[in-house]
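Read the structure below first, then the notes.
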Amino acid sequence: MTAERYDDAYLPGRFVPSVRPFLDEYARRSAWARRELVWRPVCYGPDPGERLHVFPAPAPGAPLVVFVHGGYWQELSELESSFAARDVLAAGAAYAAVGYGLAPRLRLGEIVTQVRRAVLSLCRDASTLNADPERVVLVGHSAGAQLVCMSLVGPLPDHLTPRDLACAVVLISGLYELAPLRRSSIGAAIELTAADVAAYSPVRHLHGGLPPLLLARAADEPAGFGYQQRRLAEAAVRVGVPVTELVVGGHNHFDLPLGLADPTDPLGRAVLELVRPLVPLSEKGIA
């Protein structure tokens, strides 16, 4: 395949008239959340990109939904990543939007390290968000799904295990085998090397003991994302990690995450099934 063919398989912007309306919607809903809900910014590391926007749960002991944005490691930030906060808080959970430094200023390995640090800090400080550190659901979209995976399969400190960091993982339209990206324009843009592919492709490092995975993609997105989801699902089955796959019709790469915790959306319903059983019965109005 030529570089152009790889771009056709991995550039979802080619499948919509314009990306801008979706990015504007992320920003609009995120601004509403910061205007209408209780939240605070948090610095979790020394780099200017290492920032969180956190929304405490309505009551103590709640689940925590952590969202890591996409943008091919080059775009977006925590500022556009709080679009699901309203629905998550309505379900009784806390919400955190993770920002990180971007390529090409940072290499991929540095970004992976930052997101792992963010996840560790959120688990450590979950109680400050009225959240239970044993009730964390990690969510990543596109490049963010790769970063979420690498935060669990990489080295962890203090004898922690992946299940200490998350009870479930939601991976939306993710990138799990990076070799095809080296042949695309994306690989050149982020200076992706063969060593990076070997070190940071989650399918090459998946192991038993990971939390259950929910893999979701839109029906209307480039073929590469279907390939990526199949590769990760097959790898999960081989190592005995519970995995559920979801293909959502009527959506594309960019609007799929907007339904993240919407009870009327297929993805939202699947995510809420992970979150709601974790809410104490007394908080559901059941004594």
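The conditions of being over 22 Å from Ala27 (Cβ atoms), at pLDDT below 95, of a type outside the set (D, E, K, R) and part of a loop (DSSP other than H, G, I, E, B) are met by Pro155.
Taking the stated definitions as given, is Leu138 within 19 Å of the chain's Cα centre (by Cα), without any contact (Cβ under 8 Å) to a residue 60 or more places away in the chain and either assigned to a strand (DSSP E or B) or at negative phi (or both)?
Details: within 19 Å of the chain's Cα centre (by Cα): yes; without any contact (Cβ under 8 Å) to a residue 60 or more places away in the chain: no; either assigned to a strand (DSSP E or B) or at negative phi (or both): yes.
No; evaluated as a whole, the condition is false for this residue.
The set of residues in the stretch 39-64 being farther than 21 Å from Arg124 by Cβ and either among the basic types (Lys, Arg) or without any contact (Cβ under 8 Å) to a residue 60 or more places away in the chain (or both) consists of Pro48 alone. What do you reckon, is Gly109 outside any strand (DSSP E or B), touching a residue at least 12 places away in the same chain (Cβ under 8 Å) and either farther than 16 Å from Gly71 by Cβ or more than 14 Å from the chain's Cα centre (by Cα) (or both)? So Gly109 fits the description; yes.
Among the listed residues Ala103, Ala145, Ala126, which satisfies the condition of being out of contact with any helix residue (DSSP H, G or I) (no Cβ under 8 Å at 6 or more places or on another chain), closer than 17 Å to Tyr72 by Cα, modelled with pLDDT of 95 or more and aliphatic (A, V, I, L, M)? After applying the criteria, what remains is Ala145. The set of residues in the stretch 207-258 that are buried (at least 16 other Cβ atoms within 10 Å of the Cβ), of a type in the set (Gly, Ala, Ser) and farther than 30 Å from Ala27 by Cβ comprises Ala233, Ala235, Ala236.
Among the candidates Phe55, Phe67, which residue alone is modelled with pLDDT of 95 or more and touching a Leu at 6+ places or on another chain (Cβ under 6 Å)?
Values: Phe67 fails: touching a Leu at 6+ places or on another chain (Cβ under 6 Å).
On inspection, the qualifying residue turns out to be Phe55.
When the stretch 59-82 is filtered for residues that are in a helix (DSSP H, G or I) and of a type outside the set (Asp, Glu), only Leu79 remains. Applying a threshold of 7 Å to beta carbon distances and a minimum spacing of six or more residues, or different chains, the list of pairs starting in the stretch 216-227 at a residue that is over 21 Å from Leu272 (Cβ atoms) and ending at one that is acidic (Asp, Glu) and assigned to a helix (DSSP H, G or I) reads Pro222/Asp8. Might you let me know whether the stretch 41-58 holds any residue that is of a type in the set (A, V, I, L, M, F, W, C), in a helix (DSSP H, G or I) and buried (at least 16 other Cβ atoms within 10 Å of the Cβ)? No - not one qualifying residue is present in the stretch 41-58. Restricting the stretch 88-107 to residues that are surrounded by fewer than 23 Cβ atoms within 10 Å (Cβ to Cβ) and in contact with an Asp or Glu (Cβ under 8 Å, 6 or more places away or on another chain), the residue that is farthest from Ala198 (Cα to Cα) is Gly92.
Those residues that are of a type in the set (Asp, Glu), more than 30 Å from Val275 (Cβ to Cβ) and assigned to a loop (DSSP other than H, G, I, E, B), I need them from the stretch 166-215; list them, please. If you could, list the steps in order and put the result at the bottom.
Of the stretch 166-215, the ones of a type in the set (Asp, Glu) are 177, 191, 196.
The next check asks that each one be more than 30 Å from Val275 (Cβ to Cβ); those that pass are 191, 196.
Glu191, the sole residue that qualifies.
The number of residues in the stretch 233-268 that are of a type in the set (A, V, I, L, M, F, W, C) and over 15 Å from the mean Cα position of the chain (by Cα) comes to 10. The listed residues are Ser201, Ser173, Ser184, and the only one of them that is of a type in the set (Ser, Thr, Tyr) and under 25 Å from Leu258 (Cβ atoms) turns out to be Ser173.
The values are calculated or read from the model by the stated rules, or taken from the named source; none is laboratory data. Predicted model, so just to flag it, every value in this text is computed and none were measured. Cβ sites come from the backbone with ideal geometry, for glycine too, and all protein chains shown count toward neighbours.
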